[in-house]
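Please read the structure below before turning to the comments.
Any read-out appearing in this document is the output of simple, stated calculations on the displayed coordinates, not a laboratory observation. Since the model is a prediction, treat every value here as computed from it, not as a measurement. Glycine also receives a Cβ, built like all others from the backbone with ideal geometry; neighbour counts cover every protein chain displayed.
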Amino acid sequence: MMTAPARHRMLRGAAGLAVLTLLATGCGDDDPEPAGPPAASGAPEQVTLRVGDVLGTPAAFLQYAVQQGFFTEQSLDVQVEPNPGGAANIPGVAAGDFEIAGSNLVSVLLARSQGLGLRLISAGTFGGDSAETDFAQILVADDSDIQGPADLDGRSVAVNTLANVAEVTARASIENAGGGHENIDFVELGFPDMIPALQDGQVDAIFEIEPFVSIGLEQGLRPVIAPYAGTQPGLAIGSYFSSDEFIAQNPDVIERFVTGVSAAGTAIAENPDEFRTALVDLADLDPEVAEAVVIPTWGGPVDVPSVQLTADLMVRYQLIDQAPPIDEVVYQG
């Protein structure tokens, strides 16, 4: 069995899970806040939800869903707060700063395995079925001597969060391609900081998601491997989650939020050009870059096989000793 080294370093301050602190302080107030006038007779109560999500296309999706009224239709006032990575949203939900947040499966599984009462409520983003349709890529400079996945071993690779989904899928995809990964030096950087760091020679490769992949390609960077599709085609990556307490107290609110997410995902799948146009403002992109962005699939039920595979890989690469029971991680409404 291959094992993962404990070789990590940071170029900038990293946001950790802060799990032990959260366990000591407990959760915050999980009651949703009423918003606006009382709902009409027979309509669900208007509720405000503070929702954290990952900077980039994931947060832009949620902002688009708000903009297009998919949550208003569910009597929800969703306030989106973008964060650098999914791990940064874990403390927010655990402390009651967010009622719901977007993250990746690794972050939620890590939190659950360390005793935090968090549970997946809906699928978020899915990786592509192929390298061409994947919204994540490991990129290098065009003149880099890194020509394929096997060349990444022993090199420095920027990831947005250490010991998380980027590291897991980088290792798994490289291993699936026949390369080694034990000596990769993972470096923590925010997505917007990765391209300048690569161009300045601070790192050898960068693990980017959209729209930063398309920005990098426009600037002449070269893809080496699509880590999500390379781990498993169609792998569930993102997810929405909440606390056990909030879910138990507000199952109807959870159902309405999931309905809004799924409706927005369906609308984007049916009319991706409208979403691309919105990305120009939502993600501050040039129209040419927005046109090139690979748009993930969003929403739907939590993909349990992806959760199980992710948990198995986390054990394999020593992020956790034992995976938590999947039925404790996935909310079945």
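Looking at 323, 309, 262, which one has the Cα that reaches farthest to the positive end of the dipole of the chain (charges on Cβ: Lys, Arg +1; Asp, Glu -1)? Value: 323. The residue 200 and residue 131 beta-carbon pair, evaluated with R₀ = 30 Å, returns a calculated FRET efficiency of approximately 0.65. Per residue, the chain reaches -11000 deg cm²/dmol at 222 nm when only DSSP H runs of four or more residues are counted, each adding -39500 (n - 2.57). Relative to the 2.2 N^0.38 Å rule of thumb, the chain has a C-alpha radius of gyration ratio of 0.96.
If both residues of a DSSP beta bridge must be in the chain, then about 50% of such bridges are antiparallel. Remark: the chain carries a charge dipole of roughly 740 debye about the Cα centre, counting +1 on each Lys and Arg Cβ and -1 on each Asp and Glu Cβ. Taking the Cβ of residue 299 as the center, what net charge do the other residues with Cβ under 15 Å away carry, scoring Lys and Arg +1 and Asp and Glu -1? Taking every other residue near residue 299 into account, the sum is -4. With a simple spin-label model that places each label point 7 Å from the Cα along the Cα-to-Cβ direction, the separation between residue 255 and residue 273 comes to 3.8 nm.
Here is what passes the span test in the chain: the DSSP H helices with alpha carbon length of 24 Å or more along the helix axis and a Kyte-Doolittle mean of -1.0 or above are 251-270. For region 130-231, a crude dipole built from +1 on the beta carbon of Lys and Arg and -1 on the beta carbon of Asp and Glu, taken about the Cα centre, is about 180 debye to the nearest 20. Is the shape of region 173-309 rounded, prolate or oblate, going by the alpha carbon gyration tensor and its root eigenvalues a ≥ b ≥ c, with a/c under 1.5 for rounded and a/b larger than b/c for prolate? In terms of gyration-tensor shape, oblate.
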